[in-house]
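Have a look at the structure below before the remarks.
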Amino acid sequence: MTDLPAHARVVIVGGGIVGCSVAYHLALRGVTDVVLLERSELTSGTTWHAAGLVGQLRATHNLTRLAQYTTELFATLEADTGQATGFQQRGSVSVATTEARFEELKRGASMARVFGLAVNVITAGEVKEMVPLANVDDVVGGVHLPGDGVTNPVDTTRAFAKGARARGVIIREHARVERILTEHGRAVGVTYLLDGEVGAAGEV
């Protein structure tokens with residue numbers, strides 16, 4: 001039926017960008033007794049139609065640090081895995097059409113500097129220079145984060161999967177998890193359907 005092991009230290013359910021990223025990062029840390037099960041094909045859920053925006057400034061310090069790490073990771077992921085990701089650091093521009101919104105953006109810019117992010121408070125004219133197609137007739141000002149970028153969600157997920165596989169992680173598509181097995185309130189395994197037959201794997 002399948003060459004999937006009956007036991008694994010980690011079972012990941014879902015082959016979107018989050019599941020494949022978890023598999024990749026576990027493998028980077030030496031945890032390779034990992035099985036990822038995807039009910040259809042990798043990225044076939046919500047990942048394939050995600051916008052792929054890679055912004056760095058978040059509401060808290062820890063979330064901003066995580067976003068910064070993500071940006072740094074995407075910049076090197078293609079070199080590590082040999083899989084193109086489509087990542088480009090083009091920067092982002094946020095604009096304000098009221099003074100109140102502009103003050104809010106400037107407060108965000110101050111917070112970005114505290115977090116160590118490159119950030120520029122810009123005029124409406126500078127917005128027009130950066131985004132020539134923009135109508136800035138009612139723009140008061142804006143904020144430019146040059147380190148922000150965009151990536152291709154499908155290709156980035158494939159890069160995570162390729163890097164995980166290269167380090168020993170098992171990834172199986174068309175393996176639908178039917179049930180998560182629990183003992184004393186703790187997940188201990190899964191049952192799955194693959195090639196028309198039911199299998200089981202644990203731990204989770």
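Nothing in this text is a laboratory measurement; each read-out follows from the coordinates by a stated rule. Note that the coordinates shown come from a computational prediction; the quantities given were computed from them, not determined experimentally. Cβ placement follows ideal geometry from the backbone for every residue including glycine, while neighbour counts extend to all protein chains displayed.
The condition of being within 24 Å of A175 (Cβ to Cβ) and loosely packed, with under 15 Cβ neighbours inside 10 Å holds for only one of H25, H61, that being H25.
Pairs are defined by a Cβ separation below 8 Å, a sequence spacing of at least 6 or placement on different chains, a first member in segment 48-69 that is among the aromatic types (F, W, Y), and a second member that is buried (at least 17 other Cβ atoms within 10 Å of the Cβ); the pairs so defined are W48/P153; W48/V154.
Among the criteria (1) crowded, with 18+ Cβ neighbours inside 10 Å; (2) out of contact with any strand residue (DSSP E or B) (no Cβ under 6 Å at 6 or more places or on another chain); (3) touching a residue at least 60 places away in the same chain (Cβ under 8 Å); (4) not basic (K, R), the one A112 does not fulfil is (3).
Within segment 154-175, the set of residues being touching a Ser or Thr at 6+ places or on another chain (Cβ under 6 Å), surrounded by fewer than 21 Cβ atoms within 10 Å (Cβ to Cβ) and in a helix (DSSP H, G or I) comprises V154, D155, K162.
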